[in-house]
Amino acid sequence: MQFSVWGVSYQETPLSLRDKASFSDTQKLEALDRLSAAGIAQAAILSTCNRSEIYYMAPEDSAGEAVRAVFLEKEPALGETLFHRRGRAAVAYLFEVAAGLESLVLGEDQILGQVQDALTFARGAGSAGKELTRVFLDAAAAAKQMKTALRISENPLSLCSIGVHRLASCGAVRGRAALVVGSGKMAALALRYLRDCGAERLLNCNRSLEHALALREEFPELEVYPFAERYEAARGCGAVVSATSSPHLVLKKDHFPEGGDPVFLLDLAVPRDIDPAIAELPNVTLFDVDSLKQTAQESMRRRRELEEQGRAMLLDSVTETMDWLASSRVDSTVQSLQQLCREAEDDTCALLESKLALGEHEKRVLRKFIHAGMRRLVRAPILTLKGLRDETEQEQYMEAVERLFQMKGESGHEDSQSRNAGL
């Protein structure tokens, strides 16, 4: 089983194509079902405002064509910017993604939670097996350790914070009303940053009124409007931030209020929430994730000195995970060998106990000695198997062990009769 990833590069893929590459929850389930039907039982999808990536475990790299096809069915033009990594390179990439080292804003915090959410979703969908789960958990643990050691997130800089601070620098926030459309994690972050930047009033609207009202636990002053009244809520606001998971435009030019004071809009969604044509209206300025790149690059330069140190810190953790993955490939043979020992112990003890008049204490002592002897017999083969890293060599040794210990009959199934006869 090899860990691999196919994904859309935010650095090379324009926003218009990234819009088409994103996955809704329903699309994730459909994609995971397709991959399962293609023989890929372990997979997780990481879909954020800047990335769409599918991580998976498969015995053969050719299975990756099924993953690539998922993206090409969404948009054939994605084939020009898709990237593929496998083995150690794929594991190292996920570790760097979780640590924020592959983000538009170097060292951002939000991506770690998104990586954890991707694993949670895969588990819920039944597509996260032992190996994929271990890689994701190791990536999250290593990212947390790196961030703590380097304090790379002491002053968090996410795309959301950069966008809101851009609005604030334009005079759109302090002392003015600000509307946030959406009620998820990104929307909550936007409300937090807007409040910290001095917004006089915080407004919110979302398709689910219940979700919007739940935000009042953190923002008691929040004014909640029905989704149908979003355009009316935007009237008089200095800043409007949209961060939903809608596959369609949420704010359109034809309905957006005109006139009045300048208003600044921030679209944090992919696919986009805000009609780009809105920027044509007088006194309206629109920022989307691509327009924030320059500011993000400036913050990146401030953190670049920590990047190489962070990557170096992750190397040991990547090596540990790769060693575990290599070792896990021989688990089935090791478990069969251990089961063979248990059966031999039980048979031997049963035979001796039937022939000898033993008390309970003597029986326990006998079992301990037989158990120790059997474990000593298979200890060397197990340690040798666990120490192998080359997959071809592992296959050769597993086949040899299975033949030497008669663990499989001619049919390929465990042959207990021949084992017992040999013992």
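The values are calculated or read from the model by the stated rules, or taken from the named source; none is laboratory data. In this text, all values refer to a predicted model and were calculated from it rather than measured experimentally. Note that each Cβ is placed from the backbone with ideal geometry, even for glycine, and that neighbours are counted across all protein chains shown.
If only one of L281, L266 is touching a residue at least 40 places away in the same chain (Cβ under 8 Å) and in contact with a Phe, Trp or Tyr (Cβ under 8 Å, 6 or more places away or on another chain), which one is it? Spell out how you get there, then give the answer.
Values: L281 fails: touching a residue at least 40 places away in the same chain (Cβ under 8 Å).
Going through L281, L266 in turn, the sole match is L266.
Within region 235-279, take every residue that is in contact with a helix residue (DSSP H, G or I) (Cβ under 7 Å, 6 or more places away or on another chain) and in a helix (DSSP H, G or I) and give me the one that is farthest from A168 (Cα to Cα).
H255
In region 183-212, which residues are under 28 Å from the mean Cα position of the chain (by Cα) and more than 19 Å from H165 (Cα to Cα)?
The answer is S183, G184, N206, R207, S208, E210, H211, A212.
Please enumerate the residues belonging to region 174-183 that are of a type outside the set (G, A, S), crowded, with 19+ Cβ neighbours inside 10 Å and not in a loop (DSSP other than H, G, I, E, B). Spell out how you get there, then give the answer.
Pass one, region 174-183, residues of a type outside the set (G, A, S): 174, 176, 179-181.
Applying the additional criterion that residues be crowded, with 19+ Cβ neighbours inside 10 Å yields 176, 179-181.
Correct list: L179, V180, V181.
What is the number of the single condition among (1) surrounded by 21 or more Cβ atoms within 10 Å (Cβ to Cβ); (2) in contact with a strand residue (DSSP E or B) (Cβ under 7 Å, 6 or more places away or on another chain) that Y225 does not meet?
All conditions are met except number (1).
If you go through region 172-196, how many residues are over 18 Å from A212 (Cα atoms) and at pLDDT below 95? Step through it out loud before you land on a result.
Just the residues of region 172-196 that are over 18 Å from A212 (Cα atoms), to begin with: 172-176, 196.
After this cut, where a residue has to be at pLDDT below 95 as well, the list is 196.
Here the count works out to 1.
In the list G100, G163, G107, G171, which residue meets the criterion of being in the same structural domain as T244 (by TED's automatic domain parsing) and outside any helix (DSSP H, G or I)? Show your work before the answer.
Values: G100 fails: in the same structural domain as T244 (by TED's automatic domain parsing); G163 fails: outside any helix (DSSP H, G or I); G107 fails: in the same structural domain as T244 (by TED's automatic domain parsing).
Matching residue, one of G100, G163, G107, G171: G171.
Return a yes/no flag: does region 219-233 have any residue that is in a helix (DSSP H, G or I), in contact (Cβ under 8 Å) with a residue 24 or more places away in the chain and in contact with a helix residue (DSSP H, G or I) (Cβ under 6 Å, 6 or more places away or on another chain).
Checked region 219-233: at least one residue is in a helix (DSSP H, G or I), in contact (Cβ under 8 Å) with a residue 24 or more places away in the chain and in contact with a helix residue (DSSP H, G or I) (Cβ under 6 Å, 6 or more places away or on another chain).
Looking for whichever is over 30 Å from A143 (Cβ atoms), in contact with a helix residue (DSSP H, G or I) (Cβ under 9 Å, 6 or more places away or on another chain) and free of Cβ contacts under 8 Å to residues at least 40 places away in the same chain here; the options are I370, I382. Which one fits?
On the way: I382 fails: free of Cβ contacts under 8 Å to residues at least 40 places away in the same chain.
Going through I370, I382 in turn, the sole match is I370.
What number of residues within region 184-213 satisfy the criterion of being basic (K, R) and in a helix (DSSP H, G or I)? Reasoning before the result, please.
Residues of region 184-213 basic (K, R): 185, 192, 195, 201, 207.
Imposing the further condition that a residue be in a helix (DSSP H, G or I) reduces the set to 185, 192, 195.
Residues meeting the conditions: 3.
Has region 267-275 got at least one residue that is outside the structural domain of A372 (by TED's automatic domain parsing) and more than 26 Å from the chain's Cα centre (by Cα)? Write out each step before concluding.
Taking region 267-275 and keeping what is outside the structural domain of A372 (by TED's automatic domain parsing), we get 267-275.
Next cut, more than 26 Å from the chain's Cα centre (by Cα) only: 274-275.
Yes; the residues of region 267-275 include at least one that is outside the structural domain of A372 (by TED's automatic domain parsing) and more than 26 Å from the chain's Cα centre (by Cα).
May I ask you to list the residues in region 315-342 that are farther than 18 Å from F136 by Cα and surrounded by fewer than 16 Cβ atoms within 10 Å (Cβ to Cβ)? Steps first, please.
Residues of region 315-342 farther than 18 Å from F136 by Cα: 330-342.
Passing the criteria: D331, S332, Q335, Q338, Q339, R342.
Residues R272, R230: which one is touching an Asp or Glu at 6+ places or on another chain (Cβ under 9 Å) and surrounded by 14 or more Cβ atoms within 10 Å (Cβ to Cβ)?
Numbers: R230 fails: touching an Asp or Glu at 6+ places or on another chain (Cβ under 9 Å).
So the residue among R272, R230 that is touching an Asp or Glu at 6+ places or on another chain (Cβ under 9 Å) and surrounded by 14 or more Cβ atoms within 10 Å (Cβ to Cβ) is R272.
Could you grab me the full set of residues in region 31-51 that are modelled with pLDDT of 95 or more and among the small types (G, A, S)?
Passing the criteria: A31, A43, A44.
Against the conditions (1) closer than 23 Å to Q294 by Cβ; (2) at pLDDT below 95, where does L150 fall short? Just the number, please.
Result: L150 fails condition (1) only.
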